[in-house]
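Asks: Below are the structure tokens for one structure; questions will follow.
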Amino acid sequence: DFTNIFEISKKSPFRIIGLFSILEHLVTTNPLFSDKSINKQLQSKLNLLNNRFKNKIDIKQHFKVHPEISFEKIIEKLYTYRSDIAHGNNVDFEDKLKELNNHDKVQSFLTVLVKECIKQSLIEPQLINNLRMLNLQVAKVQK
């Protein structure tokens with residue numbers, strides 16, 4: 001539940017896990033029933049949603065990134081961060097996650113992204129449902 005996320009400290013990595021769980025619930029299909037990983041689903045579907053948001057999220061306002069970096073690449077890096085937390089790996093903001101800068105920037109960005117996704121789900125509930133089911137239908141057709 002989105003409001004309960006704010007009971008978790010901003011500094012806690014568990015807040016990141018909670019925010020990702022909301023995003024995953026909104027738009028992804030279980031990879032066992034899909035031809036795409038959760039990471040790939042989030043990259044494509046969140047980019048599509050960002051293009052539909054009334055207030056499109058500009059990643060350059062949240063992270064110090066090269067102007068050419070794509071929204072999908074940031075989502076990929078964010079998912080790597082989420083996975084590192086979930087699996088107890090060391091988080092490396094100096095190398096493989098340097099585009100994300102630090103935990104505070106990630107937490108702030110994900111909070112904005114989740115809020116916008118929830119707003120969009122109220123504006124276009126059928127779109128959100130279709131996105132969730134998209135890879136499930138593709139996987140069934142391919143079998």
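Any read-out appearing in this document is the output of simple, stated calculations on the displayed coordinates, not a laboratory observation. Since the structure is predicted, the reported quantities are computational estimates derived from the model, not experimental observations. Reconstructed Cβ throughout: ideal geometry from the backbone, glycine too, with neighbour counts over all protein chains shown.
Asks: Out of all the residues in the range 84-111, which are in contact with a helix residue (DSSP H, G or I) (Cβ under 8 Å, 6 or more places away or on another chain) and in a helix (DSSP H, G or I)?
Replies: Scanning the range 84-111 gives I85, A86, E99, L100, H103, V106, Q107, F109, L110, T111.
Asks: Hey, any hits in the range 109-122 for a residue that's closer than 14 Å to L23 by Cα and of a type in the set (D, E)?
Replies: Residues of the range 109-122 closer than 14 Å to L23 by Cα: 109-121.
Going one step further and asking which of them are of a type in the set (D, E), we end up with 116.
Yes.
Asks: Also: What are the residues in the range 1-54 that are in a loop (DSSP other than H, G, I, E, B) and either crowded, with 18+ Cβ neighbours inside 10 Å or of a type in the set (S, T, N, Q) (or both), if any?
Replies: Narrowing the range 1-54 to residues in a loop (DSSP other than H, G, I, E, B): 1, 6-12, 28-30, 34-37, 53-54.
Listed by number, the residues that qualify are S9, S12, T28, T29, N30, S34, K36, S37.
Asks: What do you reckon, is K36 touching a helix residue (DSSP H, G or I) at 6+ places or on another chain (Cβ under 6 Å), of a type outside the set (S, T, Y), under 27 Å from N4 (Cα atoms) and in contact (Cβ under 8 Å) with a residue 12 or more places away in the chain? Give the steps one after another, and end with the answer.
Replies: Numbers: touching a helix residue (DSSP H, G or I) at 6+ places or on another chain (Cβ under 6 Å): yes; of a type outside the set (S, T, Y): yes; under 27 Å from N4 (Cα atoms): no; in contact (Cβ under 8 Å) with a residue 12 or more places away in the chain: yes.
Taking the combined requirement at face value, the residue does not satisfy it.
Asks: Considering only the range 77-101, state which residues are surrounded by 16 or more Cβ atoms within 10 Å (Cβ to Cβ) and within 23 Å of K45 (Cβ to Cβ). Walk me through it before giving the result.
Replies: Within the range 77-101, the subset surrounded by 16 or more Cβ atoms within 10 Å (Cβ to Cβ) is 77-82, 84-85, 91, 97, 99-100.
Within the range 77-101, K77, L78, Y79, T80, Y81, R82, D84, I85, L97, E99, L100 meet the criteria.
Asks: Can you tell me which condition P125 does not meet? The list is (1) over 17 Å from D58 (Cβ atoms); (2) touching a residue at least 24 places away in the same chain (Cβ under 8 Å), and all the others hold.
Replies: With (1) over 17 Å from D58 (Cβ atoms); (2) touching a residue at least 24 places away in the same chain (Cβ under 8 Å) applied to P125, the lone miss is (2).
Asks: Among H62, H66, which is within 23 Å of K98 (Cα to Cα), surrounded by 15 or more Cβ atoms within 10 Å (Cβ to Cβ) and over 11 Å from the mean Cα position of the chain (by Cα)? Don't jump to the end; show me each part of the working.
Replies: Working: H66 fails: surrounded by 15 or more Cβ atoms within 10 Å (Cβ to Cβ).
Only one candidate qualifies: H62.
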